[in-house]
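Undergrad: Quick one: structure below, then a few questions.
The values are calculated or read from the model by the stated rules, or taken from the named source; none is laboratory data. It should be emphasised that the depicted structure is a prediction, and the values quoted were computed from it without experimental measurement. Cβ coordinates were reconstructed from backbone atoms using ideal geometry, including for glycine residues, and neighbour counts include every protein chain displayed. The protein model used for the area step is the full one, side chains on, heavy atoms only, and it has no ligands, DNA or RNA in it. Shrake-Rupley method; radii C 1.70, N 1.55, O 1.52, S 1.80 Å.
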Amino acid sequence: MREIGHFIGGKNVAGTSGRYTDVFEPMTGEVQGRVALASKAELRAAVENAKAAQPAWAATNPQRRARVMMRFLDLCQREYDSLAELLAREHGKTIPDAKGDIQRGLEVVEFACGIPHLMKGEYTEGAGPGIDIYSMRQALGVVAGITPFNFPAMIPMWKFGPAIACGNAFILKPSERDPGVPMRLAELMIEAGLPAGILNVVNGDKEAVDAILDDPDIKAVGFVGSSPIAQYIYHRAAGTGKRAQCFGGAKNHMIIMPDADMNQAVDALIGAGYGSAGERCMAISVAVPVGNGTADALMEKLIPRVESLKVGPSTDPSADFGPLVTRAALDRVKGYVDLGIQEGAKLAVDGREFRMQGYENGFYMGGCLFDEVKPDMRIYKEEIFGPVLSVVRAKDYAEALRLPTEHEYGNGVAIFTRDGDAARDFAAKVDVGMVGINVPIPVPIAYYTFGGWKASGFGDPNQHGPDSIRFYTKTKTVTSRWPSGLKEGAEFSMPLMQ
Ligand code: NAD
């Protein structure tokens, strides 16, 4: 059986805590290996390695640091197929979807290759008599990332790509459910020329996370996962004086205006609602048709599409989506469908009984579709994180705008319309961090920033794009004057530039 340890000091090391957890293959339901869960001492060993290696890396000129990232990009292209297969077998998503997970991570590494330009400071000549001022960005030192199961390639790269390019050493604590790809990415970084100790992967659970949060040598923590954990990490990390950016769960709405092209809206809902079995933080989980006529037209087209979704094993390239990540996740999602029925929502398509022939122990379910969901129901308020779409009928545009604005979560939102005025008004007023106009999953491209609002994000700034360089560096400002500009005598009043 495969045994996954940690990646510390540039090499794979076995776990020593004696604690492990199973890694499943969701498409068969079998245990395919086990991953070590780090102790506080193992986390500390990673920090010691990182701390020793970081100053020399920060002193390596930024062009050379960028070249390591460029070689890493090449190596990931070489390994693209094998990484995607490893990812699909641990996560459960289909191979084409796994390739997208890797690609969206690589795009942030591509962005980080611009580090010589991105880390430039500012300079003002003659800010006062004989006085020049300049600012510089410096690495923080040792920083950490704690990442979720649902994008085991993309989110680790969103974190370590910019952090390492800035000259930091990085401790990654990936999800214990699918640790294989993060470990492989660390090996590829070393092959690309990264010095040992600059990227460490410490596998584990709460014990490893708490050790990160309490470690005085870790200067910043980037987290992505569910909202209760995001909030916990934000508080505890800030309590020990760290920078913290913690991104949480979501309930993403898609508004369908009466003038929308209904075929396009249905295509968008099917892909964004059920792709990756709904296990995406930017998945659409609530459809909001405006007016009963729009709702009826939507349901008429949507029901047969949901009924004909093709669920399959991760290795079937023709499947629309694969199994959920674990049996516990499957039971949880089915529990929400049961709850929705109890709460009085109308289950228009029921995928709970779906069985995958030949893979009877896999963690599969079919697509589910609820109509007549009301804002006070728990299936509306809480994140389900599965292939379940809820339709909330809004009587008019004002109500449709109010729903995502007043929802606890504020990650992504979309509006489908041909009306530019409505779209512009919606984008300006909705209280959500990322907005799509006729784009169902508005994940910003790597050189913009990604971040949700309200219960979807604690701390700032956003991840990737220019904000990532701000997050992983500190600014130093130097005010300089040379002897020819100095006047004789002490100055006791507040210095002024005159
Ligand atoms: P999770 O919160 O269970 O786990 C995330 C990380 O936190 C993992 O590394 C895990 O080991 C660790 N963790 C779990 N419980 C902990 C505890 N009690 N104390 C300390 N650490 C703990 O999330 P998940 O199930 O892996 O991922 C799915 C969630 O992530 C969903 O809520 C999804 O919306 C969210 N997500 C958000 C974004 C975003 O950018 N906003 C992106 C992807 C996923």
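Undergrad: Pick from the range 115-151 the residues that are small (G, A, S) and open to solvent by 30 Å² or more (accessible area, probe 1.4 Å): which of them is nearest to the ligand (Cβ to nearest atom)?
TA: G121
Undergrad: Pick from R184, R177: which is open to solvent by 50 Å² or more (accessible area, probe 1.4 Å) and within 11 Å of the ligand (Cβ to nearest atom)?
TA: The match here is R177.
Undergrad: Among the residues that make up the range 250-265, is at least one of them within 14 Å of the ligand (Cβ to nearest atom) and more than 17 Å from L302 (Cβ to Cβ)?
TA: Yes: the range 250-265 contains one or more residues that are within 14 Å of the ligand (Cβ to nearest atom) and more than 17 Å from L302 (Cβ to Cβ).
Undergrad: Right, next: Do we have D331 as within 16 Å of the ligand (Cβ to nearest atom), modelled with pLDDT of 95 or more, closer than 30 Å to A45 by Cβ and not β-branched (V, I, T) here?
TA: Judged against the criteria, D331 is not a match.
Undergrad: It is to be established whether one or more residues within the range 420-432 are within 18 Å of A250 (Cα to Cα), not assigned by TED's automatic domain parsing to the domain that holds E122 and not aliphatic (A, V, I, L, M).
TA: Yes.
Undergrad: If R481 satisfies every condition in (1) within 25 Å of A237 (Cβ to Cβ); (2) basic (K, R); (3) at pLDDT below 95 but one, which is the exception?
TA: Checking R481 against (1) within 25 Å of A237 (Cβ to Cβ); (2) basic (K, R); (3) at pLDDT below 95, the one that fails is (1).
Undergrad: Right, here's the next one. Mind checking which residues of the range 221-236 are open to solvent by 80 Å² or more (accessible area, probe 1.4 Å) and more than 10 Å from the ligand (Cβ to nearest atom)?
TA: Q231, H235
Undergrad: Quick check on L87: is it of a type outside the set (G, A, S), under 23 Å from A196 (Cβ atoms), part of a helix (DSSP H, G or I) and open to solvent by less than 50 Å² (accessible area, probe 1.4 Å)?
TA: Here the answer is no, as L87 does not meet what is asked.
Undergrad: For N438, indicate whether it is away from the ligand (no atom under 15 Å from the Cβ), among the polar types (S, T, N, Q) and within 22 Å of G293 (Cβ to Cβ).
TA: yes
Undergrad: Being surrounded by fewer than 14 Cβ atoms within 10 Å (Cβ to Cβ) and at pLDDT 95 or above, is that true of even one residue in the range 453-475?
TA: Yes; the residues of the range 453-475 include at least one that is surrounded by fewer than 14 Cβ atoms within 10 Å (Cβ to Cβ) and at pLDDT 95 or above.
Undergrad: When the range 90-104 is examined, which residues are found to be in a helix (DSSP H, G or I) and of a type in the set (S, T, N, Q)?
TA: Q103 - this is the single residue of the range 90-104 that is in a helix (DSSP H, G or I) and of a type in the set (S, T, N, Q).
Undergrad: I've got another one for you. When you scan the range 122-221 for helices (runs of 4 or more DSSP H) that lie fully inside it, which ones turn up with 3 or more residues that are on the phi > 0 side of the Ramachandran plot and out of contact with any Pro (no Cβ under 8 Å at 6 or more places or on another chain)?
TA: Once the helices (runs of 4 or more DSSP H) in the range 122-221 are filtered for at least 3 residues that are on the phi > 0 side of the Ramachandran plot and out of contact with any Pro (no Cβ under 8 Å at 6 or more places or on another chain), nothing remains.
Undergrad: Kindly establish whether N200 is near the ligand (Cβ under 8 Å from one of its atoms), open to solvent by less than 20 Å² (accessible area, probe 1.4 Å) and either within 18 Å of M69 (Cα to Cα) or in contact with an Asp or Glu (Cβ under 7 Å, 6 or more places away or on another chain) (or both).
TA: In short, no.
Undergrad: Consider K99 carefully, then state whether it is under 23 Å from I445 (Cα atoms), free of Cβ contacts under 8 Å to residues at least 24 places away in the same chain, assigned by TED's automatic domain parsing to the domain that holds Y472 and not aromatic (F, W, Y).
TA: Judged against the criteria, K99 is a match.
Undergrad: Please work out which one of (1) under 16 Å from the mean Cα position of the chain (by Cα); (2) more than 16 Å from the ligand (Cβ to nearest atom) is the condition V478 fails and give its number.
TA: V478 satisfies every listed condition except (1).
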